[in-house]
Amino acid sequence: MLELFLSQILNGVVIGFVYALIALGFSLVFGVANIINFAQGALLMLGAFLTFTMVRLGAPIAVAIPIAIVITTATGMLIERLALRPLQNAPYIAPLLSTLAIAIIFDAAAEMIWSAEIQAFPSPLSKYVVFVGSAYLTGVDFLIIAVSLGVMAGLMLFLSRSWMGKALRATAQDPEAATQMGINVPLMRQFSFGLAGALGALAGVLIGMYYMSVFPQMGIPYGLKGFAAALLGGLSSIPGAIVGGILLGIFESLASGYVGEGWRDVIAFSVLLAVLIVRPHGLFGNKSLDALGGASGATGGIPTTSVVASMAGATGRTKQRVLEAPLLVLLAVIALFALLPVLSGSNYLLQVGTQAAIYAVLAVSLTLLTGSAGVISIGHAAFFGVGAYAAALAGRNWGIPAEAAFLLAGIAAAVFAAVLYWPTIRLSGHTVGLATLAIGQIVYLVCLNWVDVTRGPMGIPGVQRPSLLLGIDMKSLTAQYWQALVVLAIAVIIAFAMLNSPIGRTWRAIREDRLAAHASGVPVSRYLVLVFLVSGFLAGLAGAQFAFLQNFVSPESFMIDTSIVLISMIVLGGLGNITGALIGGVLLAMLPEVLREFAEYRMVAYGAILLLLLRFRPQGLAGTR
Amino acid sequence: MSTSITRARPEALIIDKVTRRFGGVVAANALDFTVPQGEFLAVVGPNGAGKSTLLQMISGVIRPQEGEIRLGGRRIDRLHTEAINALGISRTFQTSRVFPMLTIRESIMVGTQVGLIGGGRTPRRYGPVTELISALLRLPGYRARVAAAEARAEEVMKMFGDRLWPRQNDQAFSLSYANRRRLEIARALVQDPDILLLDEPAAGMNPSETDELTDIIAELRRIRPGMTIVMVEHKLQVVRQLAERCIVMAQGTVIVDDTPAGALEDPRVIEAYLGTRRSAAAFGKVNADG
């Protein structure tokens, strides 16, 4: 018993050193550029895979690692130059989504280059073993500890002694003053990204050796863990990162030992959430976590917390043009689409049409939350998933008729959204995106691991569609198509009613300036809970419709990819604009069908579209509201 | 210390030995004074005297570290900003905080929201779920209250002549600096507050705009004599014309508490501003220019 405990602690300490390395990369970029870099995990994955490839091509690992680190460093600097520097004065959602888009492009590209499979990683040192009682340490463990300590000591010396290090710290403390002192601040930002890339690549290689394997999707979970470690340690200090990393390593190691390996990441992400909520300045930090990216000054001196103000060109004092169709026009268009089965009997078209309608509902749901109320939600697929599982379980386990399952799915998702997103009310800036991403991952992992209820990765087959409604047989694909359009019409009506009511106006006021909203007497928490409820309800309806269409529910439909596709949709259409959400939702849902030969490039395309939009047309096609 | 103006009026706001430090700087050092109901109090003083900190503490944006703030006998310094507002204290900000993407009409309507749902000074009318359902189904009772709020917003917009009313559907970011200040004042006034806190309302306004604003506030005094006003303002001309009482702050303390005429002639004030007694004549000249 004690032996298991000790060996879990040892494992935790070792992997914790790797987390500390990732954490340092996060802290550097956060300190210098004031953004949370979601691409940190992608750099980690890149470093690991470059090493993997070079070794496979015959290079000795000792040569491959430095080369991989150099390339990843250059990539980090390139990311800053291409994806972040142009967004310097953009609202804070832009650099956040920009790094997210890069993460997703790297992730998808890696899957295409190296396949989605787990690959064996060379780990020559793991054959050396030293026993500590009944636990043991391998050569890799010693390497990890030695390299991490060496790098951290070097980094500390660099930051405190060298001119570059001092310039970096000066930039972190006050970029304006640093500029006045002749420090090239953009270069320092780029340099911090390069350093973060180097640390990420090193961590990636060490993780590869530790687990003797690498996989293309490793970026996001390890990136999140690195951030959890940084946050736990307080974001500002190197010793803090070490302690944070080790504590996180021990927590999750104990969780995997005593609860099950599948729960390892659930624990890690829960730690992240708990720290964000309870002690956002970490165990040792004194720096308040308020990453607003390039928001300050974005609107020509008007203080604002808006995610959209300068996206809409609100700097030029000119009116923007916004395309907003009246409700009746939107309903008429939906009615026109309902004629599709009369015009064509193609099952393929109906299938695509139903999918598009489901995505349109999700986009409407998300644009209320992120566009109108300004709560950046990178975990929205969670509520889609809750709705789908609720509908599936209602029929299968509890014998609830499918018609009632719709309502149940909506309510379940609404309640989940309100409860899970409640902690984010107190957060500001990028941290909301980070928290919602963690929540999305937790819900996905619970669906995957709570086998008793969800049947885990096997999913729930045989979801029964509603049988007979108003004399129409709802089992056919045609009926499902119509049903999806009805759900869409309901979603549009609800969204319109909310946005054009005092409640919608209050959401937008909270988005635009939360302090002014408080000072105007607006009970901010109450209205945020309302938007969680409404947005969650609509996502739940979409989830139920999805379950009925597929007759099957499994966790992989609700991964982070889905959340990011949804964000791309609402940015494409124009944040907070229902018409825009419908256009963006339908366009991006159809994209993989239109480019069928390129279907595997789907996620790369979504990431690229998001990146280009943020740079060249942040107000989207229809304009933000 | 207090003058004859304060007699026979109940105390609206009590600042009771309130202290607030920021690191080594003491922005409020045991501040201690009362504001009677219906008084127009001006707070002046050099930069860094703690004037804005005082308003931030009254409105709950910043919490005092020591002392108490009481409104009508009730302690409010531990309440949230929104709860303080709901009790009848409305404010504007030194750096105008408008809702950039909202139109003038929408921005002012945001100020009516707390009155619409109730709570604070009024009994609560709508809980979250009842409001959701009422808004979704556009129930008559809710609609009537929204319509009343719209009427009130229109009334307030028209108070500002042709500054806000013709632009009511313009987004706030497109407004001039002076109009953003007017919009903020309108958003506070629409709440019909018992206490109005104005943080440099005339900052950034040219002389004619300043005169216009002074007229609006004077008119407001005539319509609502019972409304207590606490105004931080650097333009001493505005202070002379509007205020009944003037507190001069320096380094977190009140150095003079008198009528505006008395306070602004006080040698201690001149010293606080300019450092030497010799410059008194020059200071008097600056005053006269506003």
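The values are calculated or read from the model by the stated rules, or taken from the named source; none is laboratory data. If you're wondering where the values come from, they're calculated on a predicted model, not measured in any experiment. Cβ: placed from backbone, ideal geometry, glycine included. Neighbour counts: every protein chain shown. SASA here: full protein model, heavy atoms, side chains in, ligands and nucleic acids out. Shrake-Rupley method; radii C 1.70, N 1.55, O 1.52, S 1.80 Å.
All but one of (1) touching a Pro at 6+ places or on another chain (Cβ under 7 Å); (2) of a type outside the set (Ser, Thr, Tyr); (3) open to solvent by less than 20 Å² (accessible area, probe 1.4 Å) hold for A:Ala414; which doesn't?
Unmet for A:Ala414, out of (1) touching a Pro at 6+ places or on another chain (Cβ under 7 Å); (2) of a type outside the set (Ser, Thr, Tyr); (3) open to solvent by less than 20 Å² (accessible area, probe 1.4 Å): (1).
Identify all residues within the range A:355-371 that are over 23 Å from A:Val443 (Cβ atoms) and either outside the structural domain of A:Pro555 (by TED's automatic domain parsing) or crowded, with 24+ Cβ neighbours inside 10 Å (or both); write none if there are none.
Taking the range A:355-371 as the starting set, the residues that turn out to be over 23 Å from A:Val443 (Cβ atoms) are A:356-357.
Of everything in the range A:355-371, just one residue is over 23 Å from A:Val443 (Cβ atoms) and either outside the structural domain of A:Pro555 (by TED's automatic domain parsing) or crowded, with 24+ Cβ neighbours inside 10 Å (or both), namely A:Ala357.
How many of the residues making up the range A:595-625 are surrounded by fewer than 21 Cβ atoms within 10 Å (Cβ to Cβ) and small (Gly, Ala, Ser)?
Step one: list which residues in the range A:595-625 are surrounded by fewer than 21 Cβ atoms within 10 Å (Cβ to Cβ), which gives A:595-605, A:608-609, A:612, A:615-617, A:621.
When the remaining residues are screened for being small (Gly, Ala, Ser), the result is A:599, A:605, A:608.
Residues in the range A:595-625 being surrounded by fewer than 21 Cβ atoms within 10 Å (Cβ to Cβ) and small (Gly, Ala, Ser): 3 in total.
All but one of (1) more than 30 Å from A:Asn11 (Cβ to Cβ); (2) free of Cβ contacts under 8 Å to residues at least 24 places away in the same chain; (3) open to solvent by 30 Å² or more (accessible area, probe 1.4 Å) hold for A:Ala167, so report the exception by its number.
(3)
Does A:Ser525 meet the test of being open to solvent by less than 40 Å² (accessible area, probe 1.4 Å), touching a residue at least 24 places away in the same chain (Cβ under 8 Å) and either in contact with a helix residue (DSSP H, G or I) (Cβ under 7 Å, 6 or more places away or on another chain) or not charged (D, E, K, R) (or both)?
Working: open to solvent by less than 40 Å² (accessible area, probe 1.4 Å): no; touching a residue at least 24 places away in the same chain (Cβ under 8 Å): yes; either in contact with a helix residue (DSSP H, G or I) (Cβ under 7 Å, 6 or more places away or on another chain) or not charged (D, E, K, R) (or both): yes.
So A:Ser525 does not fit the description; no.
Looking only at the range A:529-553, count every residue that is surrounded by 24 or more Cβ atoms within 10 Å (Cβ to Cβ) and either more than 9 Å from every other protein chain (Cβ to nearest Cβ) or touching a Phe, Trp or Tyr at 6+ places or on another chain (Cβ under 6 Å) (or both) and tell me the total.
Result for the range A:529-553: 17.
Of these, A:Ala622, A:Ala581, A:Ala605, A:Ala547, which one is without any contact (Cβ under 8 Å) to a residue 40 or more places away in the chain and hydrophobic (A, V, I, L, M, F, W, C)? Working first, answer last.
Working: A:Ala622 fails: without any contact (Cβ under 8 Å) to a residue 40 or more places away in the chain; A:Ala581 fails: without any contact (Cβ under 8 Å) to a residue 40 or more places away in the chain; A:Ala547 fails: without any contact (Cβ under 8 Å) to a residue 40 or more places away in the chain.
When all the criteria are applied, what remains is A:Ala605.
What helices (runs of 4 or more DSSP H) lie completely within the range A:516-625 and have 2 or more residues being modelled with pLDDT under 85 and under 19 Å from the mean Cα position of the chain (by Cα)?
On the way: elements: A:524-550, A:560-573, A:578-594, A:602-616.
Qualifying helices (runs of 4 or more DSSP H): A:602-616.
Evaluate the following for A:Arg508: is it without any contact (Cβ under 8 Å) to a residue 60 or more places away in the chain, within 7 Å of chain B (Cβ to nearest Cβ) and basic (Lys, Arg)? If you could, list the steps in order and put the result at the bottom.
Details: without any contact (Cβ under 8 Å) to a residue 60 or more places away in the chain: no; within 7 Å of chain B (Cβ to nearest Cβ): yes; basic (Lys, Arg): yes.
Criteria not met by A:Arg508.
Taking the range B:192-241 only, how many residues are surrounded by 22 or more Cβ atoms within 10 Å (Cβ to Cβ), closer than 13 Å to B:Glu39 by Cα and of a type outside the set (Val, Ile, Thr)?
Residues flagged as surrounded by 22 or more Cβ atoms within 10 Å (Cβ to Cβ), closer than 13 Å to B:Glu39 by Cα and of a type outside the set (Val, Ile, Thr) within the range B:192-241 amount to 3.
Check the range A:91-100 and report whether any residue there is open to solvent by 30 Å² or more (accessible area, probe 1.4 Å), under 28 Å from A:Thr431 (Cβ atoms) and out of contact with any Ser or Thr (no Cβ under 7 Å at 6 or more places or on another chain).
Taking every residue of the range A:91-100 in turn, none turns out to be open to solvent by 30 Å² or more (accessible area, probe 1.4 Å), under 28 Å from A:Thr431 (Cβ atoms) and out of contact with any Ser or Thr (no Cβ under 7 Å at 6 or more places or on another chain).
Got a sec? Which helices (runs of 4 or more DSSP H) wholly within the range A:323-412 have at least 2 residues that are within 28 Å of A:Arg426 (Cβ to Cβ), aliphatic (A, V, I, L, M) and out of contact with any strand residue (DSSP E or B) (no Cβ under 9 Å at 6 or more places or on another chain)?
Numbers: elements: A:327-337, A:340-343, A:347-366, A:381-396.
Of the helices (runs of 4 or more DSSP H) lying wholly inside the range A:323-412, those with at least 2 residues that are within 28 Å of A:Arg426 (Cβ to Cβ), aliphatic (A, V, I, L, M) and out of contact with any strand residue (DSSP E or B) (no Cβ under 9 Å at 6 or more places or on another chain) span A:347-366, A:381-396.
Mind listing whichever residues of the range B:164-178 are assigned to a helix (DSSP H, G or I) and open to solvent by less than 10 Å² (accessible area, probe 1.4 Å)?
Going through the range B:164-178, the residues assigned to a helix (DSSP H, G or I) turn out to be B:165-167, B:172-174, B:177-178.
Once the filter is applied, which keeps residues that are assigned to a helix (DSSP H, G or I) and open to solvent by less than 10 Å² (accessible area, probe 1.4 Å), the range B:164-178 yields B:Ala172, B:Phe173, B:Ala178.
Residues being within 7 Å of another protein chain (Cβ to nearest Cβ) and either surrounded by fewer than 24 Cβ atoms within 10 Å (Cβ to Cβ) or charged (D, E, K, R) (or both): count how many of those fall in the range A:511-522.
Count: 4.
B:Val110 versus (1) at pLDDT 95 or above; (2) over 19 Å from A:Ser501 (Cβ atoms); (3) of a type in the set (Val, Ile, Thr): which is the lone unmet condition?
(2)
At pLDDT 85 or above, in contact with a helix residue (DSSP H, G or I) (Cβ under 9 Å, 6 or more places away or on another chain) and not assigned by TED's automatic domain parsing to the domain that holds A:Val278: which single residue out of A:Val443, A:Val463 fits that description?
Going through A:Val443, A:Val463 in turn, the sole match is A:Val443.
Condition first: aliphatic (A, V, I, L, M), surrounded by 24 or more Cβ atoms within 10 Å (Cβ to Cβ) and either free of Cβ contacts under 8 Å to residues at least 40 places away in the same chain or in contact with an Asp or Glu (Cβ under 8 Å, 6 or more places away or on another chain) (or both). Now tell me which residues in the range A:225-277 satisfy that.
A:Ala268 - this is the single residue of the range A:225-277 that is aliphatic (A, V, I, L, M), surrounded by 24 or more Cβ atoms within 10 Å (Cβ to Cβ) and either free of Cβ contacts under 8 Å to residues at least 40 places away in the same chain or in contact with an Asp or Glu (Cβ under 8 Å, 6 or more places away or on another chain) (or both).
Among the residues of the range B:69-102, how many are open to solvent by 20 Å² or more (accessible area, probe 1.4 Å) and either of a type in the set (Lys, Arg) or within 29 Å of B:Leu175 (Cβ to Cβ) (or both)?
Start the filter on the range B:69-102 by keeping residues that are open to solvent by 20 Å² or more (accessible area, probe 1.4 Å), which leaves B:70-75, B:78-80, B:82-83, B:87, B:94-95, B:97.
Checking which are either of a type in the set (Lys, Arg) or within 29 Å of B:Leu175 (Cβ to Cβ) (or both) leaves us with B:70, B:74-75, B:78, B:80, B:82, B:94-95, B:97.
The qualifying residues number 9.
Output the residues belonging to the range B:76-92 that are more than 7 Å from chain A (Cβ to nearest Cβ) and over 14 Å from B:Gly120 (Cα atoms).
B:Asp77, B:Arg78, B:Thr92
Within the range A:457-466, is even one residue open to solvent by 10 Å² or more (accessible area, probe 1.4 Å) and within 14 Å of chain B (Cβ to nearest Cβ)?
no
Within the range B:184-191, is there a residue that is open to solvent by less than 10 Å² (accessible area, probe 1.4 Å), within 20 Å of the chain's Cα centre (by Cα), within 14 Å of another protein chain (Cβ to nearest Cβ) and at pLDDT below 90?
No, that holds for no residue.
Residues in the range B:103-115 that are open to solvent by less than 10 Å² (accessible area, probe 1.4 Å) and facing chain A (nearest Cβ under 7 Å): how many? Give the steps one after another, and end with the answer.
Taking the range B:103-115 as the starting set, the residues that turn out to be open to solvent by less than 10 Å² (accessible area, probe 1.4 Å) are B:104, B:107-111, B:113.
Those still in the list that are facing chain A (nearest Cβ under 7 Å) too: B:109-111, B:113.
Count: 4.
Residues checked against (1) within 30 Å of A:Gly260 (Cα to Cα); (2) not aliphatic (A, V, I, L, M):
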residue	(1), (2)
A:Phe5	yes, yes
A:Ile15	yes, no
A:Leu43	yes, no
A:Ile65	no, no
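Just checking, does the range B:193-204 include any residue being part of a loop (DSSP other than H, G, I, E, B), within 14 Å of chain A (Cβ to nearest Cβ) and over 22 Å from B:Leu55 (Cβ atoms)? Show your work before the answer.
Of the residues in the range B:193-204, the ones part of a loop (DSSP other than H, G, I, E, B) are B:193-194, B:200-204.
From what's left, within 14 Å of chain A (Cβ to nearest Cβ): B:193-194, B:203-204.
Next, from what is left, pick out any that are over 22 Å from B:Leu55 (Cβ atoms): none.
No, there is no match, as no residue in the range B:193-204 is part of a loop (DSSP other than H, G, I, E, B), within 14 Å of chain A (Cβ to nearest Cβ) and over 22 Å from B:Leu55 (Cβ atoms).
Criterion first (open to solvent by 40 Å² or more (accessible area, probe 1.4 Å) and modelled with pLDDT of 85 or more) does A:Ile113 satisfy it? Lay out the reasoning, then the answer.
Numbers: open to solvent by 40 Å² or more (accessible area, probe 1.4 Å): yes; modelled with pLDDT of 85 or more: yes.
When the stated conditions are applied, A:Ile113 passes them.
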